[in-house]
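The values are calculated or read from the model by the stated rules, or taken from the named source; none is laboratory data. Since the structure is predicted, the reported quantities are computational estimates derived from the model, not experimental observations. Cβ placement follows ideal geometry from the backbone for every residue including glycine, while neighbour counts extend to all protein chains displayed.
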Amino acid sequence: MDPIVATTVSVISAATPLLLAANGELVAEKAGVLNLGVEGMMLVGAVSGFAVTLITGSATLGILAAASAGALLALLFGLLTLGLMANQVATGLALTIFGVGVSSLVGAGFVGTPVERLPRLDIPGLSDLPVLGPLLFGHDALVYLSVAMVALTAWFLGRTRAGMILRACGENDEAAHALGYPVIAVRFAAVLFGGVMSGLAGAFLSLSYTPMWVEAMTAGRGWIALALVVFAAWRPWRLLIGAYLFGGVTILQLHAQGLGLFAVPSQVLSMLPYLATILVLTLIAAGSGRRRLDAPACLGRPFRPPA
Amino acid sequence: MLRIEARPEPSRRMLLATPFLAVLLTVVSGALLFALLGRDPLVSLHAFFVTPVSSLYGLGELGLKATPLILIGIGLAAGFRANVWNIGAEGQLVLGAVCGGGVALWFWEVDAPWVFPLMVVAAVAGGMAWAAIPAFLKTRLEVNEILVSLMLTYVAVLLLSALVYGPWKDPEGFNFPQSRMFGEAALMPPVVEGTRLHAGILVALAVALAAWLWQARTLSGFTLKVVGLAPAAARFAGFERRRTVWLTLLLGGGLAGLAGLFEVAGPIGQLVPQVSPGYGFTAIIVAFLGRLHPVGVVLAALLVALSYIGGETAQIEAGLPQAVTGVFQGMLLFFLLATDFLIRYRLRPVARRRGAEGR
Amino acid sequence: MTLKTTRRTLLAGAAATGALALPGSRLLATEQVKAGWVYVGPIGDHGWTYTHDQGRLDVEKALGDKVVTTYVENVAEGPDAERVIRQLAASGNDIIFATSFGFMNPVIRVAKQFPKVKFEHATGYKTAPNVAVYNARFHEGRTVIGTIAGRLSKSGIVGYIASFPIPEVVMGINAFTLAMRKRRPDAQIKVVWVNSWYDPGKEADAAKALIDQGADIITQHTDSPAPLQVAEERGVSGFGQASDMRKFAPNAQLTAIVDHWGPYYVERVKAVLEGTWKSHIIWHGLKEGMVQIAPYGPRVPEEVRAEADAVKQGIIDGTLHPFAGPIRDQAGELRVPEGQSLSDEELLKMDWYVEGVQA
């Protein structure tokens, strides 16, 4: 394989978990709910996906289990923040502590056991094309899903009536309620979607990226996903740019080390993905020239329909 | 049927009662969890809540662990009240440790009374400088502070790592990643004999008191509240949104920097690659558990500190794996957050009416 | 889940027998030792902490009801470590194993307060009458795998995934390189630092980057089996780290360097039982079995196995020194002349790379 193509393929797998989780969080935030429990939901998804795949031998069941496990944690979050109007930021952080604990409790028996990697979807003929073949074909289902979900989310939020209602709940909950939309139900649905996507991101880690279960294997990727939503200014397509930028710089700094390109401490190179994200966001802000608040206006605010 | 009804104003009685209710609920469900895992619930709960505070040393440890949480929690609460989302206190803490510790290493052989004050100034300045980056980008270009402050946390940790693996490595330390031990003048001795509790706890409590007075009695404290509640009204009243962003971020950064210094000059005594087990993030929970109020932050910090220490004790005395203590801690937080509900709302029994509503 | 319960029940059983023995007969009680372990990571990391916990389980197996073991996992290096170690000492443990370099100063401080308790610190350099230090000569294993790499690499390029530049890691890189270049003088060792002991995703990414740059053998000084999995998939070879990782890469794993702490732990706990425990600094390797070489993989041909075995035997006999001169550093300068070799003391603080390393 051509080195540039090979590197790009690495970038794709580094970006996919970020993209999946960030996409879910974006929809939740668009509905006005800030869930900082992404890391916890990802871990629970990772361990469930791994365990079910290992026990049943079916990756499809594993992926479904991961999505359900993520949704289950999101349900807990929804009950607390939407049902009992608990503070969203604190509940999300507590959800992460809880998720780390639950995943390591469930996963203790699975450490040190390998599992079959998710099958690649090879299309005979096409996958063998030079350059385009390895870039576009031969990935696993979750990679395609991550990109498809961005398109679907963009279409849903921008083009459909339901998407408009969801945005209305995030921008002005009281007005949405006055117009007769079920604000709480919409937010619940968005939060559950976020859980499903985080669960899938976890499944990608434990079934495709590194097919194994080890404790805390997300290694902070849930936090990066949260930051990417902000980076994308809550726009789905920009999420794609953000995830690939972050993944890309991560991979490139490893390559730079291997080639011995820069005579600086490796820590400085490891800083690059974080600095690049800040820099690009700043350049976008400086370039756009106009001031605007991109965040949904009701983000993080509890809502209780007036009796 | 029960109906949920908003209280006209928060209930004082519930404000005091809910933490106890939450702990009670945690104890009951925790006992179930432990029993389910085949453990003696009483032994486990005792290890969690009682053993850590049943000795002078234990109480000292509680204060030691609560100190950074109080300091950072107070700073973050001021920001959160004004809708300034500083998620990067952890990085500001690290910068405080780097700058304060840097002074200690620079004047390694100097045994003078001005060394420590200089370290404090450097640590606060370091934390503030790190927080000034998101403040600058936010006020100049509307770059979201959540992303910038969070990303800078990773950068800060790597910076500390580069220093202790590189130029600040102890020359007699067999090339291990740690600085020299600080000199006497740069250390904070224990204030209570037989414990590790240092003067940082007094500073933290003083900061909480000052924040309380500031918030309750002065105009700028009032400003923060107004800006947080209604930006338009605040602008109308002539209050500067920009100034608020700068003020709260610098305050949060400075206090986090101070917390970082207290860790390295207190119990650690040198610079090491990891100076905090995530206090900057835990303090976010503390700020909200304390309902963004200084007194609440102090109490929440003590409770959260207890839950961490209790988790260690439960591993030692009851043989619980750490995973179980994490689940238990999550449950405690969930109950605390959920019972907040009762402060602002009440449940009213209502007679079920037949008719249109019934369908 | 099932596996977990079994292991837990085993532990609970041991604890219960201990509790039963105590009140009944004093004689039995004095014949029982309580041993505690402090881990820096989770026991489920399948790397460093996992191997130490396997050692703890070996102690339980070997000594039965003569020992009660406890462990605390995920202990942050810093103030938390000192509290945990102190708590273990205060709750009656007779011997405490602290298994990370960052626990060194906390161990020394607690050891002063508990002169009757024995402490064992892994990989450090500070001792006391009741503090022993133990470490493994991991680099001896690197000499063996470097030998294999020198014979089996076609491109002459090896990818080395490293965590942090501490002496242990630097020594490993150098031992590997020296052994490889003895067979393959043009060999190039490309080092990538991931700045983490443990991030499976990043370790896998580093392996991919190195393979893309022409490496046909991957080796690592990080904890997870992720790089080996990548090697298996890309059709290149690699070496397991800390434990035999054959299951993750049945074809790609040429062999693995296995950390085997069990026998040492059993010996030391036994010494406490018999009252013969003494402080020491030991640095055990292939000879004592603290470092072992896993069975060779299918890609290692017979003559290479024989050569690797000869190297291993040479190290065990003392006829082969992994750091025998002539050794040149990266700049080509002669550091160790022919006929001499580096002393243990020089090795333990090694911070320079030999010729052929690209780091």
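If the requirement is being without any contact (Cβ under 8 Å) to a residue 24 or more places away in the chain and among the charged types (D, E, K, R), which of these qualifies: A:Arg221, A:Arg187, A:Arg238?
Within the list A:Arg221, A:Arg187, A:Arg238, the selection yields A:Arg238.
Could you check region B:32-76 and list, in sequence order, the residues that are touching a Phe, Trp or Tyr at 6+ places or on another chain (Cβ under 8 Å) and either modelled with pLDDT of 95 or more or not aromatic (Phe, Trp, Tyr) (or both)?
B:Leu33, B:Asp40, B:Pro41, B:Ser44, B:Leu45, B:Lys65, B:Thr67, B:Pro68, B:Leu69, B:Leu71, B:Ile72
Kindly evaluate A:Ile241 against the criterion of being of a type outside the set (Phe, Trp, Tyr), more than 10 Å from every other protein chain (Cβ to nearest Cβ) and not in a loop (DSSP other than H, G, I, E, B).
So A:Ile241 passes the test.
So for region B:241-248 (the condition being in a helix (DSSP H, G or I), at pLDDT 90 or above and within 14 Å of chain A (Cβ to nearest Cβ)), does at least one residue qualify?
yes
Please indicate, with yes or no, whether at least one residue in region A:35-55 is among the hydroxyl-bearing types (Ser, Thr, Tyr), within 24 Å of A:Thr113 (Cβ to Cβ) and either more than 9 Å from chain B (Cβ to nearest Cβ) or not in a loop (DSSP other than H, G, I, E, B) (or both).
The answer is yes; a qualifying residue exists.
For C:Arg142, state whether it is among the charged types (D, E, K, R), free of Cβ contacts under 8 Å to residues at least 24 places away in the same chain, more than 16 Å from B:Phe174 (Cβ to Cβ) and assigned to a helix (DSSP H, G or I).
Here the answer is no, as C:Arg142 does not meet what is asked.
State yes or no: is B:Ala351 surrounded by fewer than 21 Cβ atoms within 10 Å (Cβ to Cβ), more than 7 Å from every other protein chain (Cβ to nearest Cβ) and either modelled with pLDDT under 95 or farther than 30 Å from B:Gly183 by Cβ (or both)?
Spelling it out, B:Ala351 is indeed surrounded by fewer than 21 Cβ atoms within 10 Å (Cβ to Cβ), more than 7 Å from every other protein chain (Cβ to nearest Cβ) and either modelled with pLDDT under 95 or farther than 30 Å from B:Gly183 by Cβ (or both).
Which of the following residues is at pLDDT below 95 and either surrounded by 23 or more Cβ atoms within 10 Å (Cβ to Cβ) or not in a helix (DSSP H, G or I) (or both): B:Gly127, B:Gly100, B:Gly173?
One residue alone meets the criteria, B:Gly173.
Quick one: would you say C:Asp244 is surrounded by fewer than 20 Cβ atoms within 10 Å (Cβ to Cβ), in contact (Cβ under 8 Å) with a residue 24 or more places away in the chain and assigned to a loop (DSSP other than H, G, I, E, B)?
Answer is yes for this residue.
In region A:107-140, how many residues are without any contact (Cβ under 8 Å) to a residue 60 or more places away in the chain and either under 24 Å from the mean Cα position of the chain (by Cα) or within 14 Å of chain B (Cβ to nearest Cβ) (or both)?
The number of residues fulfilling the criteria is 7.
Can you find a residue that is at the interface with chain A (Cβ under 10 Å from one of its Cβ atoms) and either modelled with pLDDT of 90 or more or in a helix (DSSP H, G or I) (or both) anywhere in region B:311-322?
Scanning region B:311-322 turns up at least one residue that is at the interface with chain A (Cβ under 10 Å from one of its Cβ atoms) and either modelled with pLDDT of 90 or more or in a helix (DSSP H, G or I) (or both).
Kindly provide the set of residues from region B:135-156 that are farther than 12 Å from A:Ile278 by Cβ, in a helix (DSSP H, G or I) and facing another protein chain (nearest Cβ under 9 Å), ordered by number.
B:Arg140
Can you pull out every residue in region C:45-70 that is in contact with a His (Cβ under 9 Å, 6 or more places away or on another chain) and within 14 Å of chain A (Cβ to nearest Cβ)?
Hits for region C:45-70 are C:Thr51, C:Gln54.
Here is a list: C:Lys208, C:Lys154, C:Lys202. Which entry is of a type outside the set (Phe, Trp, Tyr), outside the structural domain of C:Ile43 (by TED's automatic domain parsing), crowded, with 24+ Cβ neighbours inside 10 Å and touching a residue at least 12 places away in the same chain (Cβ under 8 Å)?
Exactly one residue qualifies, and that residue is C:Lys208.
Of the residues A:Leu281, A:Leu269, A:Leu261, which is farther than 21 Å from A:Met149 by Cβ, surrounded by 20 or more Cβ atoms within 10 Å (Cβ to Cβ) and at pLDDT below 90?
Matching residue, one of A:Leu281, A:Leu269, A:Leu261: A:Leu281.
When you look at B:Val94, is it part of a helix (DSSP H, G or I) and either in contact (Cβ under 8 Å) with a residue 60 or more places away in the chain or in contact with an Asp or Glu (Cβ under 9 Å, 6 or more places away or on another chain) (or both), yes or no?
Judged against the criteria, B:Val94 is a match.
Every residue, every condition in (1) β-branched (Val, Ile, Thr); (2) surrounded by fewer than 17 Cβ atoms within 10 Å (Cβ to Cβ); (3) touching a Leu at 6+ places or on another chain (Cβ under 8 Å), yes or no:
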position	(1), (2), (3)
A:Gly107	no, no, no
A:Thr113	yes, yes, yes
A:Ala148	no, yes, no
A:Glu174	no, yes, no
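Here are B:Ala323, B:Ala287: which of them is without any contact (Cβ under 8 Å) to a residue 40 or more places away in the chain and either over 26 Å from B:Leu152 (Cα atoms) or among the small types (Gly, Ala, Ser) (or both)?
Exactly one residue qualifies, and that residue is B:Ala323.
Among the residues of region A:221-235, is any touching a His at 6+ places or on another chain (Cβ under 7 Å) and more than 9 Å from every other protein chain (Cβ to nearest Cβ)?
no
Taking the options C:Ala98, C:Ala90, C:Ala122, name whichever one is touching a His at 6+ places or on another chain (Cβ under 6 Å) and either modelled with pLDDT under 95 or closer than 18 Å to C:His284 by Cβ (or both).
Matching residue, one of C:Ala98, C:Ala90, C:Ala122: C:Ala98.
Residues in region A:176-186: is at least one assigned to a helix (DSSP H, G or I) and of a type outside the set (A, V, I, L, M, F, W, C)?
Yes; the residues of region A:176-186 include at least one that is assigned to a helix (DSSP H, G or I) and of a type outside the set (A, V, I, L, M, F, W, C).
Kindly check whether there is at least one residue in region C:294-311 that is of a type outside the set (Lys, Arg) and within 30 Å of C:Val131 (Cα to Cα).
No, because not a single residue in region C:294-311 is of a type outside the set (Lys, Arg) and within 30 Å of C:Val131 (Cα to Cα).
Starting from residues that are in contact with a strand residue (DSSP E or B) (Cβ under 6 Å, 6 or more places away or on another chain) and at pLDDT 90 or above, keep the ones in region A:95-143 and report whichever is nearest to C:Pro250 (Cα to Cα).
The qualifying residue nearest to C:Pro250 (Cα to Cα) is A:Leu118.
For region C:93-134, give me each residue that is charged (D, E, K, R) and either within 11 Å of chain B (Cβ to nearest Cβ) or crowded, with 21+ Cβ neighbours inside 10 Å (or both).
C:Arg109, C:Lys118, C:Glu120, C:Lys126
List the helices (runs of 4 or more DSSP H) that sit entirely inside region B:1-89 and contain at least 3 residues that are out of contact with any Cys (no Cβ under 9 Å at 6 or more places or on another chain) and small (Gly, Ala, Ser).
B:12-36, B:56-81
Can you say whether A:Tyr244 is free of Cβ contacts under 8 Å to residues at least 24 places away in the same chain and of a type in the set (Phe, Trp, Tyr), as far as the supplied structure shows?
no
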